[in-house]
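The structure appears right after this line, and notes come after that.
The values are calculated or read from the model by the stated rules, or taken from the named source; none is laboratory data. Owing to the predicted nature of the structure, the values given are computational and were not obtained by experimental measurement. Positions of Cβ are backbone-derived with ideal geometry, glycine not excepted, and every protein chain shown enters the neighbour counts. Heavy atoms of the whole protein, side chains included, go into the accessibility calculation; ligands, DNA and RNA do not. Shrake-Rupley method; radii C 1.70, N 1.55, O 1.52, S 1.80 Å.
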Amino acid sequence: MRYLGTKTLGNVINALAFSKLYNCSPVWSSTATKNISQLQKIQKFKARIITNTRKFGHITPVLQELCWFPVSYYLMYTVGILAFKCAKAQSPN
């Protein structure tokens, strides 16, 4: 029995858990591969909670349905955006 809908549950998880990843992405991008794989496990676990997917089911279609990139891709993307803004003098002080 679920008390929250899928969209509401996704918003709660993004607000509470993924905000730490999003805010610290430049720091996480230079960490060890082992730490990034742990972040990926957390992302997969949260996707299973939101979509009510079984533990041993395939998670790739679920991540694609949620439009979530793998953590390593997201970290490269945010560092690329930051580098672009620095090159164009649009970065924050």
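Tabulated data
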quantity	calculated
Scan of region 71-93 for residues that are open to solvent by less than 100 Å² (accessible area, probe 1.4 Å) and either of a type in the set (A, V, I, L, M, F, W, C) or touching a residue at least 12 places away in the same chain (Cβ under 8 Å) (or both), ordered by number	Val71, Ser72, Tyr74, Leu75, Thr78, Val79, Ile81, Leu82, Ala83, Cys86, Ala87, Ala89
Given (1) without any contact (Cβ under 8 Å) to a residue 24 or more places away in the chain; (2) open to solvent by less than 60 Å² (accessible area, probe 1.4 Å); (3) within 21 Å of Gly5 (Cβ to Cβ); (4) not basic (Lys, Arg), number of the condition Trp68 does not satisfy	(1)
Count of region 14-30 residues which are surrounded by fewer than 16 Cβ atoms within 10 Å (Cβ to Cβ) and either in contact with a helix residue (DSSP H, G or I) (Cβ under 7 Å, 6 or more places away or on another chain) or farther than 17 Å from Leu82 by Cα (or both)	7
Asn52, sole failed condition from (1) in contact (Cβ under 8 Å) with a residue 24 or more places away in the chain; (2) surrounded by 13 or more Cβ atoms within 10 Å (Cβ to Cβ)	(2)
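For every residue, the table says whether it meets (1) closer than 17 Å to Lys20 by Cβ; (2) open to solvent by 40 Å² or more (accessible area, probe 1.4 Å).
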{"residue": "Lys34", "(1), (2)": "no, yes"}
{"residue": "Gln38", "(1), (2)": "yes, yes"}
{"residue": "Ile42", "(1), (2)": "yes, yes"}
{"residue": "Lys46", "(1), (2)": "yes, no"}
{"residue": "Ile59", "(1), (2)": "no, no"}
